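Before we start, here is the structure in question, set down as structure tokens.
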Amino acid sequence: MTSPTTRDQISDHLLTPRNSAPLVIDYQPVQGNSVRSMDGRLLVDNIVRVGRTAQVYGVPVIASTVNVKTGANKPTIPELQPVLSASRRWTGPR
């Protein structure tokens with residue numbers, strides 16, 4: 001019995017840790033507090049789980065914030081910061 005051929009993680013047509021990354025946009029207090037379509041705690045729990053799952057599979061997470069550098073908004077929500085800090089791509093608020 002032969003082993004299946006190992007697929008190339010970069011050119012594969014399926015998502016792999018090498019050809020994909022979740023994009024986390026504006027998970028900041030003001031944006032999170034304005035969400036009314038679901039429970040705020042559930043929103044936070046869900047994105048933290050997404051980040052932790054990405055860590056387990058070695059998938060980089062790209063995080064974006066708006067107007068932190070100008071002082072108009074606060075950085076990423078505190079619950080998510082440790083998860084992003086463990087990612088190779090996290091550079092902190094800008």
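Here, each number is a calculation from the coordinates, and none is a lab measurement. Predicted model, so just to flag it, every value in this text is computed and none were measured. We place every Cβ from the backbone using ideal geometry, glycine too, and count neighbours over all the protein chains shown.
Given all pairs of different Cα atoms, what value in angstroms does the Kirkwood hydrodynamic radius of the chain take?
That comes to 14.9 Å for the chain.
Could I ask something else about it? Which residue, LEU14, LEU43, LEU84, has the most motion in a Gaussian network model of the chain that connects Cα atoms within less than 10 Å?
Result: LEU14 has the largest fluctuation of those listed.
Still on this model: Please name whichever of VAL68, PRO22, PRO4 sits farthest to the positive end of the charge dipole of the chain, dipole taken about the Cα centre and charges placed at Cβ: Lys and Arg +1, Asp and Glu -1.
VAL68
Helix-only mean residue ellipticity at 222 nm, the chain, DSSP H runs n ≥ 4 weighted -39,500 (n - 2.57), per residue, nearest 500. What is it?
Computed mean residue ellipticity for the chain: -8500 deg cm²/dmol.
Still on this model: Under a 10 Å cutoff between Cα atoms, tell me which one of PRO29, PRO60, PRO75 has the largest fluctuation in the Gaussian network model of the chain.
PRO29
Around ARG49, what is the net charge, scoring Lys/Arg as +1 and Asp/Glu as -1 over all other residues with Cβ under 15 Å from its Cβ?
Here the charged neighbours net out to -1.
To continue, here is another question. Suppose a student asked you for the relative contact order of the stretch 23-85, using Cα pairs under 8 Å spaced at least 6 residues apart; what percent would you report?
Computed over the stretch 23-85, the figure is 51 percent.
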